[in-house]
């Protein structure tokens, strides 16, 4: 009797696995294709074999994009209760921007009535937001290929996002289909701080505030690309790092007026394998921030933040849209999708 029961259970498990495999194959063939942005990290897991772990832009959801019961989940103060949220089913409503990249509209515990969405599960949730997995985070490869991809992300493709195409079924289940590096990458290098005073032994422990950085745009592709570099570094923005908990500062330029119109002189063509660097003086008022906990407070430079480790930002290259450069030389070579850097803090820390 026990043997028959064991065989029955084993048979049911095989059937479930076969059903799941068949379902994913069906979605891969018939599902709606969607492009997501990601970067590969942590290419090896000894328990599962060689693979590249994909961390999507939509994998972390800040509180402002939480809806439904999730709003209450992120308010829980009891650690045991927050642990009980793990593996809860959630639904990420998506929108596709003019560049063909899908972004997050909102995350809820119930599926949206209409529109594109992904079904996921909670990894963890707290006051800083919700981390979600969608079942498309592991790209299995041979060990050598996975390690090579990791090294490419650090070296040959530094600062370049990866575009991942997934097929999405009617239930929100996603199946990973293909990956490709985007040709344009963005890296940052904070200015070196001045030498510390050797006569002051306490100086070595004092943080040195960031004063500026060099932003470099790289053409990693095999075709020419064009950049739009507006005067006064107006092609760049400073955006909050939404994955950072406890950031209470906002860039003063977040609600600024439209940038000046682009001219032919603002367009730079990058040949394959070349790069273009721009220096940002972060002491200038255009890069100052306000304390969101103090409405109406005066803007302040990053260098005066008394809790520099409690703020985190990214530099974003945000070229004008296609209509704004229509008729200009090399307009057809311009990539209009915004591109963000690694996160940095006012004390020169870079993630």
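The values are calculated or read from the model by the stated rules, or taken from the named source; none is laboratory data. Computed from a predicted structure; not experimentally measured. Neighbour counts run over all protein chains shown; Cβ positions are idealised from the backbone, glycine included.
Of note:
- Screening the candidates 154, 101 for the property of being modelled with pLDDT under 95, touching a strand residue (DSSP E or B) at 6+ places or on another chain (Cβ under 6 Å) and on the phi < 0 side of the Ramachandran plot yields one hit, 101.
- Residue 185 vs. criteria touching a strand residue (DSSP E or B) at 6+ places or on another chain (Cβ under 7 Å) and either part of a loop (DSSP other than H, G, I, E, B) or surrounded by fewer than 17 Cβ atoms within 10 Å (Cβ to Cβ) (or both): no
- Annotation: of all residues in the stretch 330-351 being in contact with a helix residue (DSSP H, G or I) (Cβ under 8 Å, 6 or more places away or on another chain) and surrounded by 15 or more Cβ atoms within 10 Å (Cβ to Cβ), the one that is farthest from residue 56 (Cα to Cα) is 331.
- Residues being under 17 Å from residue 167 (Cα atoms) and in contact (Cβ under 8 Å) with a residue 60 or more places away in the chain - total across the stretch 110-139: 8
- Applying a threshold of 7 Å to beta carbon distances and a minimum spacing of six or more residues, or different chains, the list of pairs starting in the stretch 332-346 at a residue that is not assigned by TED's automatic domain parsing to the domain that holds residue 214 and ending at one that is part of a helix (DSSP H, G or I) and buried (at least 17 other Cβ atoms within 10 Å of the Cβ) reads 345/308; 346/302; 346/308.
- Residue check for residue 132: closer than 23 Å to residue 30 by Cα and not in a loop (DSSP other than H, G, I, E, B): no
- Matching residues in the stretch 317-340 - criterion: being in a loop (DSSP other than H, G, I, E, B), modelled with pLDDT under 95 and touching a strand residue (DSSP E or B) at 6+ places or on another chain (Cβ under 8 Å): 318, 319, 320, 335, 338
- Residues (touching a helix residue (DSSP H, G or I) at 6+ places or on another chain (Cβ under 9 Å), over 20 Å from residue 96 (Cα atoms) and either part of a strand (DSSP E or B) or at pLDDT 90 or above (or both)) located in the stretch 109-129: 109, 122, 123, 124, 125, 126, 129
- The set of residues in the stretch 163-183 being within 24 Å of residue 335 (Cβ to Cβ) and out of contact with any helix residue (DSSP H, G or I) (no Cβ under 8 Å at 6 or more places or on another chain) consists of 163, 164, 165, 166, 176, 178, 179, 180, 182, 183.
- Residue 299 surrounded by fewer than 20 Cβ atoms within 10 Å (Cβ to Cβ) and in contact with a helix residue (DSSP H, G or I) (Cβ under 7 Å, 6 or more places away or on another chain): yes
- Among the residues listed as 146, 163, 167, the single one being buried (at least 17 other Cβ atoms within 10 Å of the Cβ) and either without any contact (Cβ under 8 Å) to a residue 12 or more places away in the chain or assigned to a helix (DSSP H, G or I) (or both): 146
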